[in-house]
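A.B. asks: Please find one structure pasted underneath; my questions will follow.
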4 protein chains.
Amino acid sequence: MRELNVGLIGYKFMGKAHSNAYRSLRLFFDGDVTVVMKAICGRDRAAVKSAAEQFGWESYETDWRKLVARPDIDIVDVSTPGNVHKEMVIAAAKAGKHVVCEKPLANTVKDAKDMVRAVKQARVKNMVAYNYRRVPAIAFAKQLIDKGKLGTIYHWRAVYAQDWITDPNVPLVWRLRKSVAGSGSLGDIGSHIIDLAHYLIGEIAEVAATMETFIKERPLLDATTGGLSAKSRRGVRKGKVTVDDAVLFLTRSDNGALGSFEATRFATGRKNHNTFEINGSKGSIAFDLEDMNRLSYCDATEDRDVQGFRSILVTNATHPYLAAYWPPGHIIGWEHTFINEVHDLVQAIVRNKRVRPDFEDALVCQKVMDAVERATKEKRWVKV
Amino acid sequence: MRELNVGLIGYKFMGKAHSNAYRSLRLFFDGDVTVVMKAICGRDRAAVKSAAEQFGWESYETDWRKLVARPDIDIVDVSTPGNVHKEMVIAAAKAGKHVVCEKPLANTVKDAKDMVRAVKQARVKNMVAYNYRRVPAIAFAKQLIDKGKLGTIYHWRAVYAQDWITDPNVPLVWRLRKSVAGSGSLGDIGSHIIDLAHYLIGEIAEVAATMETFIKERPLLDATTGGLSAKSRRGVRKGKVTVDDAVLFLTRSDNGALGSFEATRFATGRKNHNTFEINGSKGSIAFDLEDMNRLSYCDATEDRDVQGFRSILVTNATHPYLAAYWPPGHIIGWEHTFINEVHDLVQAIVRNKRVRPDFEDALVCQKVMDAVERATKEKRWVKV
Amino acid sequence: MRELNVGLIGYKFMGKAHSNAYRSLRLFFDGDVTVVMKAICGRDRAAVKSAAEQFGWESYETDWRKLVARPDIDIVDVSTPGNVHKEMVIAAAKAGKHVVCEKPLANTVKDAKDMVRAVKQARVKNMVAYNYRRVPAIAFAKQLIDKGKLGTIYHWRAVYAQDWITDPNVPLVWRLRKSVAGSGSLGDIGSHIIDLAHYLIGEIAEVAATMETFIKERPLLDATTGGLSAKSRRGVRKGKVTVDDAVLFLTRSDNGALGSFEATRFATGRKNHNTFEINGSKGSIAFDLEDMNRLSYCDATEDRDVQGFRSILVTNATHPYLAAYWPPGHIIGWEHTFINEVHDLVQAIVRNKRVRPDFEDALVCQKVMDAVERATKEKRWVKV
Amino acid sequence: MRELNVGLIGYKFMGKAHSNAYRSLRLFFDGDVTVVMKAICGRDRAAVKSAAEQFGWESYETDWRKLVARPDIDIVDVSTPGNVHKEMVIAAAKAGKHVVCEKPLANTVKDAKDMVRAVKQARVKNMVAYNYRRVPAIAFAKQLIDKGKLGTIYHWRAVYAQDWITDPNVPLVWRLRKSVAGSGSLGDIGSHIIDLAHYLIGEIAEVAATMETFIKERPLLDATTGGLSAKSRRGVRKGKVTVDDAVLFLTRSDNGALGSFEATRFATGRKNHNTFEINGSKGSIAFDLEDMNRLSYCDATEDRDVQGFRSILVTNATHPYLAAYWPPGHIIGWEHTFINEVHDLVQAIVRNKRVRPDFEDALVCQKVMDAVERATKEKRWVKV
C-alpha cells in the first residue's frame, strides 16, 4: 500500500471538508494508495490544535512555511482565502510538493500565471478544488456529452444562487472584502459555473456582464475577536462592502454556443442552488446541486411521443465514483465531491498522470473572471 | 345584457384561440356584457368560410378593409402576422373601432408609435394580446408583489424556451422571415417575457444582448400551396433564415433590479417552457407556463426553519379569474388566458376604463426589443 | 354535417362542465358531426332559465320527464346526484334516447344492473362520465400499456386526495348524505380510480378495505334556501354525516397484480390530487391530475445508467385528442376531458360503435364499490 | 474526552455503513465523547482482516463469541442477518455490553421478546438501527408534529419501493431466504416504514394485508464461492424464493388515524423510494428518501390563497443534527443517518438516558410485522 503524506493549511469550512475527504478516502476507495494526515496548519494555536484532534491529523503547525518545509509532507493542500494562495502555492511547489489549492486559484490573472509557472517548473502535480466536477451526476453528464449524446451544443445556462447575505445585519466577513477574497459572488460561486462550463462544453470566447452590490455597507467585525464589535452591535460602525453581491454575464464560445451565467447571494429562498442546463441538437441535460444525485436528461433522438426530461438517480455502481459507496438509491452528499477529488489526485500522483482541473484550467477560469470584470466596467462585450 | 360585436382578422392558430375566447366568454363570465361573433376575415374564401362555421362566426369577409368598415362591428381583433398590424390597426381606429392586436404590436418602434397615436386620436380602447398577464398564477403573483410581499426586487430571470425548429427540415415558415415576423424568438416569445417583467417588476433601463441563428438556411415553402415545394423536398431549394433562433439579454432597471432574459427555439426538450423567477428582499416567486396553474412562492419573513418555495395551486375562487371556472384543483389550460383577456377588455369598454397592456405598454416593450437588437449589433450596453 | 340534439338534466357544477363540452365540441373537433344544445333541465325555473342563457341552450325544461319525452332530443345527459340516475336513465332509454350518465352510475349494484338492462333492451348508446379516461396523458398511458411497454403488471397504487371538507364548518351538502350520494369519497372520487384501474390494468378480483368518517356531524343546510340556516350559523343545528370521509382498500387481480387505493377528502393541502403509479416488469408509469398534461414513464428496457422517470408533456398532435387543440406545450385543462368524451360519444353514435366506459363498465365498477363496503363491514377480504 | 470502545460484527454493506459512522463521528460531532474502533468480526479471516484495514479497526476477530467476551469492548454492534441476531445480542448483554442491533431486531416476536428481556436484565443501553429516524428532515418532521403543527392526524401513507430484484436472474441471495432473513420486503424495508409511523404518529392497532412473491424461483448461489454456481449460470439449478417480494397493508390506530403501507422490491424505476405523507387537521407533511434533505410541509392555518406544500431544504444549523455538518444548502447523504445514530447512542450512554428506538420499540414493530403475516394468511383484519 503506497502512502502519501498530506499537510493542510486551513481548518475552517474548507479545512473541515478537506480533512473529511482525507479521513474517508481509504474506507470508500479500497485501492493501492492511501493518504496519511500528517499535519494541519493555522495561525491560532489553540484552534488548530483542537482541529487537529477533531479531524484526526497527526500533528499541527502554526506557521505555514514550516509545514511546507517539512520533509515528511508529499502533498500541500491550500484551503485558505484567495489573497494568500499565491505565496503558499509557490513555496510548496518550490519545496517539491504536489499542490491542491482551493478555488479560485488566485485573486488576479497575473498571480494565477505565476502559480502555473511555479508548478510547471517544479513538475509537481497540481489541482484546483473545483469540486463540482466530482459530483457523480456531473461526471456522468460529461460522459454523455463526450459520447455525443447532446450533439451540437446550442445553449448553456447556469444559475448559482444563494441567499446567505440578504440580511443586512450579516457582518463584513472576509468573503465580502475584495482585499482578501478578490471578488464576491463572481469568485466564490461564479467561478464554479465557469469551470463547469469549460469542463462540459468548452472554453468561453467573449463576455458581456454586469455586477451589483445591493447592500453597500455592513457591520464591522472586531479585528481581535472575529465577532461583531460592541459598536457594530449598536449599529455605529459599518464598513464598505467591496465585492459584488451578484454577477450576471452572457457568453459566446468559438464553437457557436451561447451561454448565460448568474451568480448571486441575493436569491431569497435559494440555499445552494447551483443549476445548469445544456441544450444540444440531440438532447439536453439539467442539474441542480441541491438534489445532486440526480441528472435530468432528454434524449431527442427517441420517438417524439415518449420524449421528456428523465430524472436519472445517478447512484449505480456503474456511474462515476459510485462503486465506492452504497447500493443504488442510497444517496451521497456534498462532502463526497472532495473524497472523489482526493481519490483522483492520489491516483494521478501514483500513476504520474495529469489531474484536471489543474492550475492551467484554473488560469483559463481566472481569465474569464477577469473579462467579466472588464466587461462590467467598460459596458461592452470583451474577449477573454 | 349589453352586447359588443366583434370582427376578427386571422383564422389560424391565433384566430382559433381568439375565437374560442369569444365563444366561451359568456359561459364562464356571467356578467352584464357579452360579445357577438359577427365576422371573421381571411384572404382564402374557402378556408375562412370553413373557419367561420367551425368557430361559430355569423359571417365572414375576405377583405379586411370591408370588415373594418362594417358599421355592425364594435371591436376589431387583429390576429395576423406583424407586418400587417399597422395598416389594419390604424384603419380600425380611424373607423372608431376598439382594437385588440396580437403581439408584438409592430415590427418597428416607429410603427408602434404611429399605432399608439392612431388609437389615442380615435379615443378607442386598445389592447395588445400579451395574454400571459391573464394566467391566474401570474395575476396572483402581481397581487403579492403589489402588496409588498417580495420587498425590494433584486433579481428577475426569465427563460422562454421552445424546441420546435431544432429540426433543420422545418421549412422557412413566415415566423422565420424578418419581412413578415419582424424578428424571431425575440418578437415571438422574448416579447412576452419583456412584457411580464414590465408588468411585474417595472421598466427596463438598459440592456446588453446577443442573438444567434443556428440554422442559416431552410427548405422553402411553395408560394402557392403553402407546403414544401417539390424541389425543397428533394433538398434543392433553400432560403435564408432572416430572424434570430435565440436571443439572450441582461438588463438593469432604474430601481436597481438586475434582469436576465433568454428566448430560444433551440432548447431541445422544452416545449413551451416560459419560466421566470423573481427574488426580492422579503421573498421570491417562480413560475413555469407548462404547469401554469401553480405558483412557487417563498416567504422569507417566516421562521427560517420552515421556509421554502411553496407550490400554490392557484385554483381557488378567490384567486384571480378563477371564480369563473371550476372548484379548487380543477385546472384550466392555456386557452383560458384569452378568455380572461376578452373579459377584461369588454369590462373596460363598458366601464370606459383603461385596459392593460394597451398600445402604450406595447410600445415600451417594442423599445426594449429595439434596444436588444442595437445592443447585439453594437456589442455594448444600450439605453432603452 | 350530421347533427345530434342533446338534452341535459342538471345545471350546476357538472351541468356547466357538460354544457361547455357541447358548446366547444365543434370548434375543436372539426369533423362530420356536431351537437345541438337543444334543452337543459332543472327544477328551479329561474335558475335553469338563467343557465340556459349563460351556457347557450336553445330551450329549458323544469320537468325532466318532459325533456326525456321530447322528440327533438337524440341524447339525454344525466348530470344529477346519484339517487335519481336510475329513474331518468331508464326513462330516457325507453324513449329511445342515447344516454350519458354522470358517475357513479347508481347508488347500488341492483340499480346499476337495472340500468344496464334498460339500455341493452333499448339498444341505445350509453356512456358513464368517468371522464379521466379522456385525459390525453392517461389515454396515452393506455396506448403504452397496450403495446406491452410495461410488461407484466405488478403494482397499481392510486391516491385520490382532496381537502375540501376538512373544515368542520362545511355544511351537510348533498354529497355528504348517503340517501342522495350513495357514498362519500368512495363513490365520488374512489370510483374514478377504480374505473382507471379497470381501464389500464384490468379487473379487480378481491378487496380488503376500511372507511372512516372523521367529522361525524355538520351544520344543516336550510331546506328552502339551500344555504346555512340561521340556527346552523349559530351552531345549534347539526345533522349526521352519513357517508365516508375516506376509504382505503387493497386489491388483488386475477392476473396477479396488487393494488392499493385511497380516496379521501381529508388530505390537507391536496386539492384534486388524483394520482396513480403502475409498475410492470418492463417499465412504470405515474400520473397526477393536478399536472394533467404530463405523464411520467420509466422504460426499464433501456441502458440502466440512463433510466429514470421521464416527464412527458403530452401535448403533441400525435398524442391522443391533442390534434384538436394547440401546438406542443400549450396545455389544456380539466374541462377538456369532457370535450374529448363528447367527441368519442358522438363518433360512436354516428358510426354505431360501442363507446367505453359504458354502463356495463360502470356496473363492474359498482360491484367493486359494493365489495369495498362489504369488506369494510365484515373486516375481511371479499370477492368482487 | 470520554472514550467508548466498539466491537462490530459484520463487515459487508451494513458493516461498512456502521464503520463509516464510527470513523466520522468525532470529525462532525465535536463533543465530550468519542468512540474507539476496537475490533471488527467476521468468519472469513482474509476478508475481515482486509475490512479491518480498510475501515480503520484496530483489530479483528473471526469468532463473534470472542469479540463479545473481550473486556476492552464497551459496545457491541450486531450488523448481521436477522437469524443470528438473538444469540449475539443476548451474549453481548450478558457480557454487560451496550448493544446496537440492525433491524429488524429478530425474525420472530418470540425472539424479540427474549432479546428485550436480556438487555433489561443486563441494564445495558440498547438501540435498533432504524436509522431513518435520524434523517434530519424526518427528525424535523417529528418536531413539527410534536409542536402540534399538523393537528389531529387523519392519514399516514407510506410507500417504500425498490426494484433491485425485478430481474429474474438476480440469484437467491440471503435476503430472499426466509430461514436467514425472516421475511422479504416486509422485514427489510417494510419494517422501516412501520418504525417511522410509530415514531411520527403513534402505534398501529390493527391491520389488513396481502403479500406476494412475483418470481417464485431464482438461480442458486454456490455455497462455497458465494457466486452463481456453474449450473446456475447455465440455468439449471434454481431454488425457491421463500420470502415476500411485496407487501401491502392497511392500518387503523387507536387515535383514529388510517394508514396505508406498501413495501416492494418490484417497483420498476424506484431505487430507494422511501416516501410517506401525513395529513392532519392543521397541515400535512411529505418526504422522499431519494431527496432526503427536503421536507414538504403544508401549513393549513395560513391564508388559503398562499397555502401549498413548501419544499424545505432541511440544512440549517438550527435543524436537527445539521450543526455538525455544512452551511445551509450543502446536502448530506444516506450514510449520515448512521453518524447521527451513533452520536445519539454514545450521548445516551455517557448521560445514562434511554435512546430510541430501543429493543422495546423494535418489539412493537415486530408485533406489527407478525400481525401483517397473520392478516395475510387469514385474509382478515387482525389486532396487533
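Where a number appears in this text, it was derived from the coordinates with a stated rule and is not lab data. Values in this document were obtained by computation on a predicted structure and should not be read as measured data. Because the Cβ atoms are built from the backbone with ideal geometry, glycine has one as well, and the counts that use them run over all protein chains shown.
A.B. asks: With point charges of +1 on the Cβ of Lys and Arg and -1 on the Cβ of Asp and Glu, referenced to the Cα centre of segment A:131-201, which listed residue (A:Val159, A:Gly190, A:Gly148) lies farthest in the positive direction of the dipole?
C.D. replies: A:Gly148
A.B. asks: Take the alpha carbon gyration tensor of chain C, find the square roots of its eigenvalues, order them as a ≥ b ≥ c, and report rounded if a/c is under 1.5; if not, report prolate when a/b exceeds b/c, else oblate.
C.D. replies: oblate
A.B. asks: Would you order C:Lys38, C:Lys147 from fewest to most other beta-carbon atoms within 10 Å of each residue's own beta-carbon?
C.D. replies: So the ranking, lowest neighbour count to highest, is C:Lys147, C:Lys38.
A.B. asks: Hey, another quick one. Label-to-label distances across copies for A:Asp146, with labels 7 Å out along Cα→Cβ, in nm, shortest first?
C.D. replies: Here the equivalent label points are 4.5, 4.9, 5.5 nm apart from this one.
A.B. asks: Relative contact order of segment A:284-366: what whole-number percent is it, with Cα pairs under 8 angstrom and at least 6 residues apart?
C.D. replies: In percent, rounded to a whole number, it is 17.
A.B. asks: Taking a label point 7 Å out from Cα toward Cβ, give me the nm distances from A:Ser179 to the same spot in the other copies, shortest first, one decimal.
C.D. replies: List, nearest first: 6.5, 7.6, 8.6 nm.
A.B. asks: Can you put C:Glu212, D:Glu53 in order, fewest other beta carbons within 10 Å first?
C.D. replies: Going from least to most buried by this count: D:Glu53, C:Glu212.
A.B. asks: Another question, then. Cut-off 10 angstrom, C-alpha nodes, Gaussian network model of chain D. Which of D:Thr108, D:Thr242, D:Thr301 fluctuates the most?
C.D. replies: Ranking D:Thr108, D:Thr242, D:Thr301 by mean-square fluctuation puts D:Thr301 first.
A.B. asks: Going by the alpha-carbon gyration tensor, a ≥ b ≥ c the square roots of its eigenvalues, is segment A:20-146 rounded (a/c under 1.5) or, if a/c is not under 1.5, prolate (a/b greater than b/c) versus oblate?
C.D. replies: Oblate.
A.B. asks: How would A:Ser229, A:Ser260 line up from fewest to most surrounding beta-carbon atoms within 10 angstrom?
C.D. replies: A:Ser229, A:Ser260
A.B. asks: Residue by residue through segment A:363-370, what is 3J(HN,Hα) from phi via Karplus (6.51 cos²θ - 1.76 cosθ + 1.60, θ = phi - 60°)? Round to whole Hz and write x for glycine and proline.
C.D. replies: Karplus values, whole Hz, x for Gly and Pro: 5, 4, 4, 4, 5, 5, 4, 4.
A.B. asks: Considering only the other residues whose Cβ falls under 15 Å of the Cβ of B:Met127, what net charge follows from Lys and Arg at +1 and Asp and Glu at -1?
C.D. replies: Its environment carries a net charge of +2.
A.B. asks: By the gyration tensor of its Cα atoms, with a ≥ b ≥ c the square roots of the eigenvalues, what is the shape of segment D:77-172: rounded for a/c under 1.5, prolate for a/b over b/c, or oblate?
C.D. replies: Oblate is the answer for segment D:77-172, as a/c is 1.5 or above yet b/c matches or exceeds a/b.
A.B. asks: Next up: Could you work out the relative contact order of segment D:2-131, using alpha carbon pairs under 8 angstrom and six or more residues apart, expressed as a whole percent?
C.D. replies: 23
A.B. asks: Would you tally the net charge around C:Phe13, using a Cβ to Cβ cut-off of less than 11 Å, leaving C:Phe13 out, and scoring K and R as +1, D and E as -1?
C.D. replies: Charge balance near C:Phe13 sits at +2.
A.B. asks: Identify all aspartates and glutamates with a Cα-Cα distance to B:Lys353 below 14 Å; exclude those on the same chain that are fewer than 8 residues away in sequence.
C.D. replies: Once the sequence-local aspartates and glutamates are set aside, what remains near B:Lys353 is B:Asp344.
A.B. asks: Under a Cβ-only charge scheme (Lys and Arg +1, Asp and Glu -1), can you give me the dipole magnitude of chain B about the Cα centre, in debye to the nearest 20?
C.D. replies: Rounded to the nearest 20 debye, it is 1200 debye.
A.B. asks: Can you tell me the dipole magnitude for segment B:245-384 around its Cα centre, using point charges on the Cβ only (Lys, Arg +1; Asp, Glu -1), in Debye to the nearest 20?
C.D. replies: Dipole size: approximately 420 debye.
A.B. asks: Right, another one. About the Cα centre of segment B:2-131, how large is the charge dipole given +1 on each Lys and Arg Cβ and -1 on each Asp and Glu Cβ? Please answer in debye to the nearest 20.
C.D. replies: Around 420 debye, computed over segment B:2-131.
A.B. asks: Using Cα pairs under 8 angstrom and six or more residues apart, how large is the relative contact order of segment B:132-383, in percent?
C.D. replies: About 27 percent, as a whole number.
A.B. asks: Sticking with this one: Test of understanding: in a Gaussian network model of chain B with alpha carbons linked when under 10 Å, which of B:Ser191, B:Ser50, B:Ser19 would top the mean-square fluctuation ranking?
C.D. replies: The residue with the greatest mean-square fluctuation here is B:Ser50.
A.B. asks: Then there's this: How far is B:Glu217 from the same spot in each other copy, in nm, shortest first, if each label point sits 7 Å from Cα toward Cβ?
C.D. replies: The answer, with the shortest distance listed first, is 6.4, 6.6, 8.4 nm.
A.B. asks: Could you quickly flag the chain D residue whose beta carbon comes closest to the rotation axis taking D to B, and that distance in whole angstrom?
C.D. replies: Spelled out as residue then distance in Å, it is D:Arg310, 2.
A.B. asks: Find the all-direction average of the projected area of the Cα convex hull for the protein assembly as shown, expressing the result in square nanometres with one decimal place.
C.D. replies: Directional mean of the projected Cα hull area for the protein assembly as shown stands at 57.1 nm².
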